[in-house]
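Below you'll find the structure, written out as C-alpha cells, and then a few comments.
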C-alpha cells in the first residue's frame, strides 16, 4: 500500500520517501503525491533500523515476555505515521500484515536483524538497542574529568565526533523564529481597572534587547554547553519549551522574546538520529553507538545538586564548535520542542517589538516511583558487589 509524505511523521522514513520520489495515489487520502510503498524492502530495512535504534529486543519479542511486537511499534500513535493511516480497519489490517511479515534475520553486512535468534538450539543473547549499547569510552569521561583537566580529553572527543561530521547537520534558517525566556521583568505599573471599582491591574515592561539576550562572558555562569566565562545563546523552538527551560514557579512573571539568526547556521543535531546513511545493515547501524551515547548524555537532565554535572556536555559542545559548527540542537527534558545553543550570540538578534510577558499559573511534574534498597532488591545483584 502507498502512504504519502503528508501522513509520514518520522524524519528518517520521510527522508527515505522523498529520496525515492515515487509518485502514486495515497491509500489514506487518495491524493497523488510522493509515496512510500508499505512492501518496499528499503522501507522495511529503515523500520527495522528505527526499532533497533530505540528498542531492546525483549520489548517486542513475545518469547522474551515483551508486551509489544515490531508491527505494533511501527503502528504506535503518531510515531512513524499519523494516526489516520490506521483508522480504516481493513487498511490497518493490510498494513499490519505488511509490517508483521518483514524479514527478521540478516547477516550483519546484508541487513538489520530484529531478533538474535538461536545457535545450536540455544537462545542467543537478546539484541540490545543502539541507545542502550553504550560506548564505555564515552561514559567513562565523567569520572576522568573529575580528576583530570578537560583539555587532556579534547582530542579524543573531537575524533569521536568527527566521524559524524556532515551526517548530522541541521540547518537553522535565518527566517526561523526562536524563543528565549527569562524569569522577571524590567518594570511594572499599576492602573485602575475602570468602571466603578478601584481594583488595580498591572502592566509590565518585559526584558528587552541585551537584558534578554546572552549574558556577557564576564558574568556568564556555566550551562549545559558553556563553561563559566563563556557566553553562548540558548533558545528554544517554541514558547512552551523556552518557558519550561527557565524553571519558573507559579505566579512568576516571565519575559519572552523571539529571535532570528542573521544567516543560515549549521547546527549539529543531537536531538534525533539521522539514519539515512546507517540503516542498510547491522554493521552500519552499530557505527551509531558512539553518537547515541553522546546524544544520550547531552539530552538527559541532571539535578543541580550533582557536582560536575556539565563536565562531559561542555567537552562535547566545545568539540562540536571546533569542528566548524555554529551550534547544537538537542532535546528538551521539560518542554515539547527542542533546545538550540548558538556558539556566537552575535549571529542571532531579537526581533524588534517581539518581547512580551506571561504569568505562570501552574507547574506540573511527571514522576515515577524508584526501587528501594532493602525492600525491592531481594533478587538484585549489585554491581559493586559483583566487582569484588
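Here is how the numbers come out for the structure above:
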{"item": "Candidates 76, 134, 128, 84 - the one that is within 20 Å of residue 28 (Cα to Cα), assigned to a loop (DSSP other than H, G, I, E, B) and modelled with pLDDT of 95 or more", "result": "76"}
{"item": "Boolean, residue 101 is farther than 30 Å from residue 160 by Cα and either loosely packed, with under 14 Cβ neighbours inside 10 Å or not assigned by TED's automatic domain parsing to the domain that holds residue 284 (or both)", "result": "yes"}
{"item": "Among (1) exposed (fewer than 12 other Cβ atoms within 10 Å of the Cβ); (2) farther than 17 Å from residue 45 by Cβ; (3) free of Cβ contacts under 8 Å to residues at least 40 places away in the same chain, the one test that residue 72 misses", "result": "(1)"}
{"item": "Positions within the stretch 175-215 being at pLDDT below 95 and either part of a loop (DSSP other than H, G, I, E, B) or touching a helix residue (DSSP H, G or I) at 6+ places or on another chain (Cβ under 6 Å) (or both), in sequence order", "result": "175, 193, 194, 195, 196, 197, 198, 199, 215"}
{"item": "Top-ranked residue in the stretch 28-58 [being assigned to a loop (DSSP other than H, G, I, E, B) and touching a helix residue (DSSP H, G or I) at 6+ places or on another chain (Cβ under 6 Å); ranked as farthest from residue 69 (Cα to Cα)]", "result": "28"}
{"item": "Residue match in the stretch 168-186 (condition: without any contact (Cβ under 8 Å) to a residue 60 or more places away in the chain, in the same structural domain as residue 295 (by TED's automatic domain parsing) and either surrounded by fewer than 17 Cβ atoms within 10 Å (Cβ to Cβ) or farther than 26 Å from residue 262 by Cβ (or both))", "result": "no"}
{"item": "Candidate set from the stretch 146-170 (those that are under 25 Å from the mean Cα position of the chain (by Cα) and assigned to a loop (DSSP other than H, G, I, E, B)); member that is farthest from residue 265 (Cα to Cα)", "result": "163"}
{"item": "Residue check for residue 4: at pLDDT 95 or above, under 16 Å from residue 98 (Cα atoms) and buried (at least 16 other Cβ atoms within 10 Å of the Cβ)", "result": "no"}
{"item": "Selected residue [within 28 Å of residue 308 (Cα to Cα), in contact (Cβ under 8 Å) with a residue 12 or more places away in the chain and assigned by TED's automatic domain parsing to the domain that holds residue 354] from 222, 239", "result": "222"}
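Yes/no per residue for (1) farther than 30 Å from residue 168 by Cβ; (2) in the same structural domain as residue 169 (by TED's automatic domain parsing); (3) exposed (fewer than 15 other Cβ atoms within 10 Å of the Cβ); (4) touching a strand residue (DSSP E or B) at 6+ places or on another chain (Cβ under 7 Å):
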| residue | (1), (2), (3), (4) |
| --- | --- |
| 190 | yes, yes, yes, yes |
| 231 | no, yes, no, no |
| 250 | yes, yes, yes, no |
| 256 | no, yes, no, yes |
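The values are calculated or read from the model by the stated rules, or taken from the named source; none is laboratory data. Note that the structure is a prediction, hence the values are computed from the model and not measured. Please note: Cβ atoms are built from the backbone with ideal geometry, for glycine as well, and neighbour counts cover all protein chains shown.
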